[in-house]
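Scroll down for the structure; my scribbles are underneath it.
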Amino acid sequence: MRNRIELPSVFDDAAAAKAWRDAKRILRGIRPGGAVVLDVSKVEKASDALDAFATVFFSVAASHGLDAKTVDPHGFASAAEKRSAERGFKPQPRRQPRLFEPTGRAMYNLCRSLADACGFLGETVSRTFEVLRHPSRFRFRDFMAAFGQCGADGLPVVLSTGFLLGLILAFESAAAMKMFGVEIYSADLLSIALFRELGPLVTAIMLVGRSGSAFAAEIAAMKANEEIDALVTMRLPPVRFLVLPRIAAATAVMPALAAGAELAGLLGGAIVLLAMDIPPSMYWERVADAVSPGDVALGLAKAALFGLLAGLVGCWSGLAAEKTADGVGGAATRAVVGGITAAAVADGVLAAICWLYGI
Amino acid sequence: MADPENIVECEDLSAGYPGRTVLEHVSFSVKRGEIFALLGGSGCGKSTIMKHIAGLNPPVAGRLRVSGIEMNAANRDRILAGIGVMFQSGALFGSMTLLENVMLPLEEFSPLPPELRTACALAKLELVGLREFAGFLPSAISGGMKKRAAIARAMALDPGLILLDEPSAGLDPVTSAALDDLVLKLREERGTTFIIVTHELPSVFKIADRCAIFDRDRRGMAACGVPAELREKRDDPFIEAYFNRGGTNGR
Ligand SMILES: Nc1ncnc2c1ncn2[C@@H]1O[C@H](COP(=O)(O)OP(=O)(O)OP(=O)(O)O)[C@@H](O)[C@H]1O
Ligand SMILES: [Mg+2]
C-alpha cells in the first residue's frame, strides 16, 4: 500500500531521521481526506524519537486533513496517539494570508504603547511638580550617582569625538577654502557649526549610546528582578525614585559635556589651521568674532533638551521592557534608537523654529 | 459582608494577568492575627494571588478587600501602608547594601530621626540573623540570605500584614525553623498577620492556623481550612495526594 509508513525494527535517532524524510514525502503525496497508516509493528527497540516521530506524524496528518491510523501491537506510539486524540483531529484550515488582522494588531499595539508613553510623560511631569513642591522627596543621592556616571562615562568619548569632529571639519572646509585663499574662514564655519549644531548633537548621540542605554538596561534589569514591583509595594513611585534622578542628571550633564566637545573641536580646528600656517592668535580671534553669546547659549540649551530626551527615552524603554533577561537587551537597543531619533527630530524642529524667528 | 475581623477578603476572585486568567472563583478570607498559608503545586497561581493582595495587578474579576478597603488603583497606597511584601525572588535593590535596602522604607515613611532609623534597620537585620552582613551588597550574599534580608525589609515599617512568597525556599532546616519561630514571635508580640506561600508542609503544620490549597488542573481553590483537618480529609484525591505524597509528610 502506498499510504503506509513502516518503521524498522531498531528505531534509534538515526533511523528516525531517515524515516521522517520518507514519511514527509508520503504525507505530502496524499490528498486531503485520504488515509495514512503508521506501521509500528516491526519495531522492537525504540528511543524517545519514536514518541516524537509519532506525535509529529499525527499533528502533520491532522493539519493536512488526513485520517491517520496506527498498527501498533506493542503500544510504542499509543501515548502520542492519545495526546493527539485529546487535541482532536480537526484538520486546520490552511492559513489564509491575512491583511486586516496583523495590521489591526500592529495599530492596536502602536496606540497602546503611545498611550502608555503618554501616561509615563504625564506621571513624570506631575512627579516633577511634586518634587519641586517638596524638594526633600528628590532622591539627591541617586541624582549625584547618575550625574557622575553620565559625566565620567561620557567625558572621554565626548572629548575625543569632539576633537576629531573639529579636526575633520576644519580640514575639509579649509581644503576647499584654500582654493580662494580664505582658509581662515574655516574658523568661522567650524565654530558656528560646532556651537549651534554639531556639538550638542554629537554629544547627545554619545550620551544616548553610553547613558541612555545604561538607564534602560538598569531599569529593565530591576523590572526583571521584581525590584520595580517591590518599589510599588513600598509606596515608592518608580518614576520619582528611578526616573527623575536620571532625567535630571542627563539634563544637567549634557551642557557640560557639550561645552567640552565644542572646546575640544575648536582645539582640533586650531591644529589643522596651524598646520596650514595660520597662527593660533588669528584663529582664536576669528572664533571669538564669529560666535556670539547667543549661539553658545542656544547650543547649551539644545544640549540640555537633548539630555532630557535621552533620559526620558532611556527610562521609558527600561520601564516598558519585558520582564525577562531578554528584555534588558531589547530595552537598551530601543533606548539608543529612540534617543537618537528623538534628538534628531528635536534638532530639526529647533532648526526650523530658529530659522523662522531668525535666531 | 465586610467583616472588620478580616484583613483580607477574596470573593469570587479571578486571578491572573491581562489576557490570562490563572485561577477562578477563589473565595477565602484571612483574619487579623492569623498565619495563613497558600499552598499548591508549582505554577498554580500562588504568587499571582499574592501580587493581587499586594496591589500589583488588578484582579481579573471578583472582589478583593484588604484591611476592609476595596483594592483598586485609588486605594492602593492607603492599603499598602499597612503591608510588607517579600517577593519570591527577594527583589532586593542590587545597588544598595542590605542596610540601605532595609532603611529605604524608613527613610521615606518613618518619622524617626536618621540615627534611630539606622539602629531600627539594624535591629530588623538582627531578627533574621544578618546583622554582620549589613554592609554587604545583595550580589555578595547567598540566595537564602537574600531571602532573609528581603524579609527584614518587608518588616521594616512594622506592617500589620506581611506577605511572604516562599520564605524558606533555599534555607537549611535550622534557619527555616528559626524563621518559623520568628513568624510566631511577631504574631505573638505584635499581632502581625502573615500570608505565606510555601511548599514546606512541616512548617505549615507548625505555624499556619489555616491554609488555602490551589489546584492547577481545576484552575481554582481546592480547599481552605485548618491544615491538620484538611490532611485527614479523604474525599478529595487532590488534597489527599497533596498532603500525603511522601507518606508521612508533616506528621
Ligand atoms: N507576568 C505574567 N504574565 C502572564 N502569566 C503569568 C505571569 N506570571 C506568571 N504567569 C502565569 O501564572 C501562572 C501561575 O504563576 P505563579 O507565579 O502564580 O505560580 P506559583 O503558584 O507561585 O508557582 P511557584 O510555586 O512555582 O512559585 C503560571 O502558569 C504562569 O505561567
Ligand atoms: Mg510563586
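The values are calculated or read from the model by the stated rules, or taken from the named source; none is laboratory data. Please read these numbers as outputs of a predicted model, since none were measured by experiment. Neighbour counts run over all protein chains shown; Cβ positions are idealised from the backbone, glycine included. Surface accessibility is based on the protein's heavy atoms, side chains included, excluding ligands, DNA and RNA. Shrake-Rupley method; radii C 1.70, N 1.55, O 1.52, S 1.80 Å.
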Label-to-label distance, nm, for residues given as residue A:63 and residue A:107 (7 Å Cα→Cβ offset): 3.0
In Å and whole numbers, how far do the C-alpha atoms of the stretch B:120-251 stretch along each principal axis, longest first? 52, 30, 28
Considering just Cα atoms, how many Å³ per residue does the convex hull of the stretch A:255-359 enclose? 127
Hull volume per residue for the stretch B:71-175, using the convex hull of the C-alpha atoms, in Å³ is 110
Where does helix A:100-133 land angle-wise versus the long Cα axis of chain A, in degrees 0 to 90, nearest 10? 40
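Would you please put B:68-77, A:196-205 in order of how densely packed they are, using the mean number of other Cβ atoms within 10 angstrom per residue and starting with the highest? Walk me through the numbers before you get to the answer.
Working: B:68-77: 14.0, A:196-205: 25.3.
Result, highest mean first: A:196-205, B:68-77.
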Among A:279, B:135, B:239, pick out the residue whose Cα is farthest towards the positive end of the charge dipole of the protein assembly as shown, where Lys and Arg carry +1 and Asp and Glu carry -1 on C-beta, about the Cα centre. B:239
Mind putting a number on the dipole of the stretch B:84-152 about its Cα centre? Charges go on the C-beta only, +1 for Lys and Arg and -1 for Asp and Glu, and I need it in Debye to the nearest 20. 280
Return one number: the angle in degrees, 0 to 90 and rounded to the nearest 10, between the long axis of the Cα atoms of helix A:49-63 and the longest principal axis of the Cα atoms of chain A. 90
What helix-only [θ] at 222 nm does chain A give? Using -39500 (n - 2.57) per DSSP H run of at least 4, over all residues, to the nearest 500, the answer is -24000 deg cm²/dmol
How crowded by other chains is B:104-110, given as the mean number of beta carbons from other chains within 10 Å of each beta carbon? 3
Charges on Cβ only, +1 for Lys and Arg, -1 for Asp and Glu, centred on the Cα centroid of the protein assembly as shown; of A:214, A:26, A:193, which one is farthest towards the dipole's positive end? A:26
For the protein assembly as shown, radius of gyration divided by Kirkwood radius, i.e. Rg to Rh on alpha-carbons: 1.11
Can you list the equivalent-ellipsoid semi-axes of the stretch A:272-334, largest first and in whole Å, using the square root of 5 times each Cα gyration tensor eigenvalue? 44, 17, 5
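Given Cα pairs under 8 Å that are at least 6 residues apart, what percent is the relative contact order of the stretch A:4-87?
It rounds to 36 percent for the stretch A:4-87.
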Accessible area of chain A belonging to carbon and sulfur atoms, whole % at 1.4 Å probe: 66
Note: B:87-100 gets an average of partner chain Cβ contacts (10 Å, Cβ to Cβ) equal to 3
Cut-off 16 Å, label point 7 angstrom out along Cα-to-Cβ of residue A:13: give me the residues of the stretch A:20-51 whose amide nitrogen falls inside. A:20, A:46-51
Which angle from 0 to 90°, rounded to the nearest 10, does the C-alpha axis of helix A:293-319 make with the longest principal axis of chain A? 20
Distance from the stretch A:190-222 to the stretch A:1-34 (C-alpha centre basis), Å: 59
Log10 I(q)/I(0) at q = 0.18 Å⁻¹ for the stretch A:67-204, from Debye over equal alpha-carbon scatterers, is -1.09
With viscosity set to 0.692 mPa s and temperature to 37 °C, compute the Stokes-Einstein D of chain B, Rh being the Kirkwood radius across alpha carbon pairs; µm²/s, no decimals. 176
Using unit Cβ charges (K, R positive; D, E negative) and no other charged atoms, how large, in debye to the nearest 20, is the dipole of the stretch B:149-251 about its Cα centre? 140
Please give the residues of the stretch A:161-184, grouped as numeric ranges, whose backbone N is less than 15 Å from a label point set 7 Å along the Cα-to-Cβ vector of residue A:271. A:161-172
Can you give the three extents of the C-alpha atoms in the stretch A:139-356 along their principal axes, from longest to shortest, in whole Å? 69, 31, 30
Over chain B, what is the percentage of antiparallel beta bridges among all DSSP beta bridges, to the nearest 5? 50
Once B and A are treated as a pair rather than alone, how much accessible area drops out, both sides summed, in Å² to 100, probe 1.4 Å? 1800
What fraction of the Cα pairs in the stretch A:4-87, stated in percent, has a spacing above 20 angstrom? 24
From the mean inverse distance of alpha carbon pairs (Kirkwood) and the Cα radius of gyration, derive Rg over Rh for the stretch A:201-294. 1.27
Quick one: if the Förster radius is 60 Å, what FRET efficiency do residue A:3 and residue A:290 give, using the C-beta to C-beta distance and rounding to 0.05? 0.10
Chain B: relative contact order from alpha carbon pairs under 8 Å, six or more residues apart, as a whole percent, is 24
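Considering only the protein assembly as shown, what is the antiparallel percent among its DSSP beta bridges, to the nearest 5?
DSSP beta bridges in the protein assembly as shown are roughly 40 percent antiparallel.
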When every alpha-carbon pair in the stretch A:100-159 is counted, what percent end up more than 17 Å apart? 66
Over the stretch A:139-356, relative contact order from alpha-carbon pairs under 8 Å, at least 6 apart, %: 35
For the stretch A:4-87, accessible area per residue (1.4 Å probe, heavy atoms of protein chains only), Å²: 54
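Do the sum for chain B: with -39,500 (n - 2.57) for every DSSP H run of n ≥ 4, divided by all residues, what is the mean residue ellipticity at 222 nm, to the nearest 500 deg cm²/dmol?
-10500 deg cm²/dmol
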Rounded to one decimal in Å, the inverse mean reciprocal Cα-Cα distance for the stretch B:1-100, i.e. its Kirkwood radius, is 14.5
With the convex hull built on the Cα atoms of the stretch A:1-151, state its orientation-averaged projected area in nm². 17.6
